[in-house]
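Student: Got a structure for you, written out below as structure tokens; questions coming shortly.
The values are calculated or read from the model by the stated rules, or taken from the named source; none is laboratory data. What you see is a predicted model, and the numbers here were worked out from it, not measured in a lab. Glycine also receives a Cβ, built like all others from the backbone with ideal geometry; neighbour counts cover every protein chain displayed. Just the protein is used for accessible areas: all its heavy atoms, side chains included, with ligands, DNA and RNA removed. Shrake-Rupley method; radii C 1.70, N 1.55, O 1.52, S 1.80 Å.
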Amino acid sequence: MQANEIADRARALMPGVIEDLEKLVAIPSIAFPGYPSEPMEQMGATTLQMFRDVGFTNAELMEVPSGYPPIYAEIEGPEGSPVVVLYAHYDVQPAPPEQGWTSDPWTATHKDDGRIYGRGAADDISGLVSHLGTLRVFDGKPPCTVKLILEGMEETESNLEAFVEAHPELFACDLFVICDMGNLRVGEPALTTALRGDVACVVTVRTLEHPLHSGVFGGPAPDAMMALARLLSTLHDDEGNVAIDGVSETVWDGADLTEDDLRSSADVLEGVELTGSGPVGGRLWARPSVNAIGVDMTNIATSSNVLIPEARAKISMRIVPGSEPEAELDALVAHLETHAPWGAKVEVQRTKAAPPFLCKTDGPGYAAARDALAEAFGRPAGEAGCGGSIPLLRTLETAAPGAEFVLWGPEDVAAARIHASDESVDPSEIEKMIVAQALLLQRLAEGAGSGSG
Ligand SMILES: [Zn+2]
């Protein structure tokens, strides 16, 4: 199929694609504990039927020991054609009213800016409908062998890694296409090539055997909360760069975000400065970040004039692509153990060490994807990072050694606001991603057919 024919077909398919997106946004498919299971079951069944209808006739909800099931299917391509796994997920983040939604999160709402608002509209229902559209371009008969894996618990305690480990043969392939990412800005194509990893620990600081009267003892007797605050403040320099000896940094030379992009997508309060120095892309994807994500101490309601003897904080550190999580966590723990003021007692408990991921960018699959993306958008494709972590990628890499990865999708970083209020997607990004995915399958098939692939 010619490129212009693919583009024409994608355009003609868009009304149906948007209808599917609207149907799926309306189902509050939250897999988190404490939420009802009916919407997840409805989402699983609806998604399953949609994918059966576009050609994955053997799609099934797979059996898993616990949690919501992934959906798996295969369409056999022409003999000897490359094998591609398409990934997306059908669960979404919660959307509590206190997040500040300006339209109902469970009603796909078309606004004047041309975007469609709703929880999951971008993350990752846009990925689901991109795959549906891609299959429809080929009338359900793609030029490659296509395997489909749709996860049901991506946003919570994923059960997919265990499923992949139990059934590696299902994931044997030449290329994984992870459609759960986005360009930095609408219309500016980018492949995600680097993802930070994530380590965490809980630090406990003790200064006193028990609480003390703050009037009688305050002054010479140190309280644990002030000691903890001083300890935490040593994790950054004055500009907000991570200041921990032995933590890895790299250099970012892909596409970049401006400070304004970041401010608007993160809703940083007016007058509050961005932390760290250097290009924003580097700060997000090539440098570590460290944050306190939880604190235990006396709460205000029960506070009195008492010195606090013990305080705890959970520290999360994002680590750079190419680094080893255990070594990075060692550096963080060593820093915490040696920087408390006043001889305060410090105990550190390790809670997480998830690896980063770096895409191989010198293989034929990646080259075909870069060309397909550039052609779909009519301009060269850049490389972007992703600050988040996807441990699943390492598991897939182990299940299919040598397979390449393409990470992309319609969730533009500047405006999609995934996981936040007023999440949205730009339908033009979905259309172009359908074109890019269809072109990718076409190119891979041609490459294999001409003997060059
Ligand atoms: Zn997602």
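Student: So what's the Cα pair-distance distribution over the range 190-341, bin width 5 Å, in %?
Tutor: Reading the bins upward from 0: 2, 9, 15, 17, 16, 14, 11, 7, 5, 3, 1, 0, 0.
Student: Additional query: What accessible area per residue, rounded to a whole number of Å², is obtained for the range 263-404 using a probe radius of 1.4 Å? Mind showing how you got there, number by number?
Tutor: Values: 7120 Å² over 142 residues.
Per-residue value: 50 Å².
Student: What's the center-to-center distance, using Cα atoms, between the range 1-50 and the range 187-236 in Å?
Tutor: Answer, in whole Å: 42.
Student: Also, quick follow-up: Taking a probe of 1.4 angstrom, what is the accessible area of Trp342 in Å², to the nearest 10?
Tutor: Around 150 Å² of this residue is reachable by solvent.
Student: With +1 on each Lys and Arg Cβ and -1 on each Asp and Glu Cβ, how big is the dipole of the range 1-120 about its Cα centre, in debye rounded to the nearest 20? Before the final figure, lay out the partial values.
Tutor: On the way: 7 positive and 18 negative charges, 58 e Å.
Dipole of the range 1-120, to the nearest 20 debye: 280 debye.
Student: With +1 on each Lys and Arg Cβ and -1 on each Asp and Glu Cβ, how big is the dipole of the chain about its Cα centre, in debye rounded to the nearest 20?
Tutor: On the way: 30 positive and 69 negative charges, 65 e Å.
For this selection, approximately 320 debye.
Student: With the dipole of the chain worked out from charges on the C-beta (+1 for Lys and Arg, -1 for Asp and Glu) around the Cα centre, which of Gly77, Thr57, Val346 lies farthest toward the positive end?
Tutor: The one lying farthest along the dipole's positive direction is Val346.
Student: Next up: Which lysines have a Cα lying under 18 Å from the Cα of Lys23, excluding residues fewer than 8 positions away in the same chain?
Tutor: Qualifying lysines at Cα under 18 Å: Lys111.
Student: Please figure out what share of the DSSP beta bridges in the chain is antiparallel and state it in percent, rounded to the nearest 5. Don't skip to the answer; put the middle values down first.
Tutor: Values: 44 of 67 bridges.
Counting only bridges with both partners in the chain, antiparallel ones make up about 65 percent.
Student: Still on this structure: Can you give me the solvent accessible area of Asp20 with a 1.4 Å probe, rounded to the nearest 10 Å²?
Tutor: Rounded to the nearest 10, the figure is 10 Å².
Student: Still on this structure, I have one more. Whenever you get a sec, compute what percent of the accessible area on the range 225-276 sits on carbon and sulfur atoms (1.4 Å probe).
Tutor: 48
Student: Give me the three principal axis extents of the chain from the C-alpha atoms, as integers in angstrom, largest value leading.
Tutor: 82, 45, 43
Student: Could you look at the range 168-215 and say what percent of its accessible area is carbon and sulfur, using a 1.4 Å probe and all protein chains? Each step should come with its number before you reach the end.
Tutor: Working: 760 of 1440 Å².
Heavy-atom surface of the range 168-215 belonging to carbon and sulfur, 1.4 Å probe: 53 percent.
Student: In the range 317-395, how does Rg compare with the Kirkwood Rh, expressed as the Rg/Rh ratio over alpha carbon atoms?
Tutor: Working: Rg = 19.3 Å, Rh = 16.0 Å.
Computed over Cα atoms, the ratio is 1.21.
Student: Please arrange Met433, Met1 by accessible surface area, largest first, computed with a 1.4 Å probe and ligands excluded.
Tutor: Numbers: Met433 0, Met1 70 Å².
Sorted by accessible area, descending: Met1, Met433.
Student: Just the accessible area per residue of the range 120-249, please: how many Å² with a 1.4 Å probe? Write down the numbers at each step before the final one.
Tutor: Values: 4540 Å² over 130 residues.
Averaged over the residues of the range 120-249, the accessible area is 35 Å².
Student: What are the extents of the Cα atoms of the range 144-233 along their three principal axes, in Å, largest first?
Tutor: Cα spread of the range 144-233 along its principal axes, largest to smallest: 77, 39, 19 Å.
Student: Sticking with this structure for a sec: How big, on average over all directions, is the shadow cast by the Cα convex hull of the range 362-449, in nm²?
Tutor: Details: hull surface 27.5 nm².
Mean shadow area of the hull around the Cα atoms is 6.9 nm².
Student: Rank Val413, Val320 by accessible area, highest first, at a 1.4 Å probe radius?
Tutor: On the way: Val413 55, Val320 0 Å².
The most accessible residue leads, giving Val413, Val320.
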